[in-house]
Amino acid sequence: MKRYYQAVLEHAWVLGLCVLVAVAAAGIYVAVTPKRYSAQAEMLIAPVTGGEATLISLPILHSSGDPTRDVLTASSLITTPQVAEAVAKALQLDESPGDLLDDVSATPVGQSNLVAVEANASSAQLAQRIANEFTRQVINTRGHALHQAIGAILPGLRLQIAGLPVGERNGPGTLGEQLSQLEQLDRSPDPTITLATAAGLPGGPSSPKVGLSLVAGLLGGLIVGLCAVLALHALDPRLRREEQLRELLRVPVLARIPREPTGRGRPLVPDELSFGALEGFKTLRTMLTARAGGAPRAYLLTGSSPAEGKTTSSIGLATALAQTGARVILIEADLRRPTISKALELPGIALGTEHVLRGEAELADALEQAPFAGVSLQVLAVRRPGAELADLLSMRVARELVEQARELADFVVIDSPPLTEVSDALPLAKVADEVLLVARIGTTRLGKLSDLYEMLSGQDARPAGIVLVGGSPARGEGYYYAEPSTSPPPLPSRGENGGDRWPHRVRGEEPLHSQRH
């Protein structure tokens, strides 16, 4: 349920769009559908018992012993073509009897002996007239049939009575009593089906039902929206949750960098990052230095596609390592689309990565100082990008470059291009001490990330961890938050032997720059 809830949050716009469209469709349906009005009259059903011999042969309702069955029989006698034809003629309607019957129904009312006659029409007055006229014509039709039957019986019965002695003509059980009952029925309507309640004028349209239609649209939109969300969740090829990384790769997440503002057209430097992002890079630094054991280490950061925060992560990690007083070199290995010099606002560099790869310059001579965020970072950036530079980065050249960098620094951070896009830096991945994958929530495609992992594993460069970018930013300042110190750590100075003289600090040791509130 938690995963489904997260999927709904991630695709909330889809759910909202489906609900909006469904409710709008329901509103349009209510607006354009012609209004219909419904009026209802009720008829009372009172079938006669089978013991009355006088009435057995007459076309009236006879009791079957089952009241429900008797009421159903009466209902079928109300909605007949004969009755509908009489109603259409009486009201001077243009509808045929069949069309009129489509708008009229006769249904039993619960377990009672009542039948509800309901008529639907385009106006309230017409619906009332049709419902009442149906009850009247049913009574007239049934009465007419009854009177015809009685009229056929009376002449013969009177002849039989005339042939009897005067003393046997009248009295209980005699033909005279039967004649009296039939003459009385001949002057009255069918006693077994009568009007109980006439139809009143409807107070409003019966269809379309505004409230019901809107609620149905809302519920329908929610159902369709949830189905669409779950379908997108199942078919979405992009990384949406950290749990997907655990299901896809057996690689730990070493740092979580919250979502940062974008749109600058270049990577972000630490001065532009939030407190949560800076703490994320410090966490990554702690994880890596704890495993370094005091030896120089080279870390290569790569990803599966562009715009995942790879270069920002490389700069952030290099800066976090330099803040401990360690010597750090940041190497730009993206020879086709370099961005580090622009991000760090380096002046026009004379020597770049391509000069070192060609052997035209030594690494130490090509390094540029990029002082910012209170630290001084040594950077090897690309001066003139070009696809042809990829041919220079052989395994031998990559190994020599990394070895020279380890001799000059405690930590080496290599910014690599997306290896699933271009494999230029694959030799560097093989000679680096650890390879870190950068993945961005909402951007990284799971298929390409899996391909990258398989590629690196096949080259004996299995990734050591993941830097997850784009999570929700942390709320509040945090327990260990403190305002940064206004005095930066001392920068290196030249010693007598010409080497850098850095403040004494054990490699990998974390400075106590934070305090508890």
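The values are calculated or read from the model by the stated rules, or taken from the named source; none is laboratory data. These figures come from a predicted structure and were not determined experimentally. Cβ: placed from backbone, ideal geometry, glycine included. Neighbour counts: every protein chain shown. The area values use the complete protein model at the heavy-atom level, side chains included, leaving out ligands, DNA and RNA. Shrake-Rupley method; radii C 1.70, N 1.55, O 1.52, S 1.80 Å.
Here are some notes:
- Residues being open to solvent by 10 Å² or more (accessible area, probe 1.4 Å), closer than 27 Å to Leu419 by Cα, in contact with a His (Cβ under 9 Å, 6 or more places away or on another chain) and part of a loop (DSSP other than H, G, I, E, B) are represented in region 376-383 by at least one member.
- Across region 206-236, the number of residues qualifying as outside any helix (DSSP H, G or I) and either open to solvent by 60 Å² or more (accessible area, probe 1.4 Å) or of a type in the set (A, V, I, L, M, F, W, C) (or both) comes to 1.
- Residue among Ser96, Ser64, Ser75, Ser105 that is exposed (fewer than 14 other Cβ atoms within 10 Å of the Cβ), at pLDDT 90 or above and of a type in the set (Gly, Ala, Ser): Ser96
- Sub-7 Å Cβ pairs linking a first residue in region 11-36 that is in contact (Cβ under 8 Å) with a residue 60 or more places away in the chain to a second residue that is among the β-branched types (Val, Ile, Thr) and surrounded by 18 or more Cβ atoms within 10 Å (Cβ to Cβ), at least 6 apart or interchain, are His11/Val229; Val14/Val229; Leu15/Val229, ordered by first then second residue.
- Remark: Val115 falls outside the filter, which requires a residue to be surrounded by fewer than 16 Cβ atoms within 10 Å (Cβ to Cβ), in contact with a strand residue (DSSP E or B) (Cβ under 8 Å, 6 or more places away or on another chain) and of a type outside the set (D, E, K, R).
- Residue in region 276-293 that is of a type in the set (Ser, Thr, Tyr) and touching a helix residue (DSSP H, G or I) at 6+ places or on another chain (Cβ under 6 Å) present: no
- If you go through region 300-318 and keep only what is in contact with a strand residue (DSSP E or B) (Cβ under 7 Å, 6 or more places away or on another chain) and assigned to a loop (DSSP other than H, G, I, E, B), you end up with Gly303, Ser304, Ser305, Glu308, Gly309.
- Against the numbered list (1) surrounded by fewer than 14 Cβ atoms within 10 Å (Cβ to Cβ); (2) under 30 Å from Gly217 (Cβ atoms); (3) of a type in the set (A, V, I, L, M), Ile56 comes up short only at (2).
- Options Lys89, Lys35; residue that is among the basic types (Lys, Arg), closer than 25 Å to Ala145 by Cβ and modelled with pLDDT of 90 or more: Lys89
- Checked against the criterion of being over 29 Å from Leu126 (Cβ atoms), in contact with a Leu (Cβ under 6 Å, 6 or more places away or on another chain) and outside any helix (DSSP H, G or I), region 42-55 has at least one qualifying residue.
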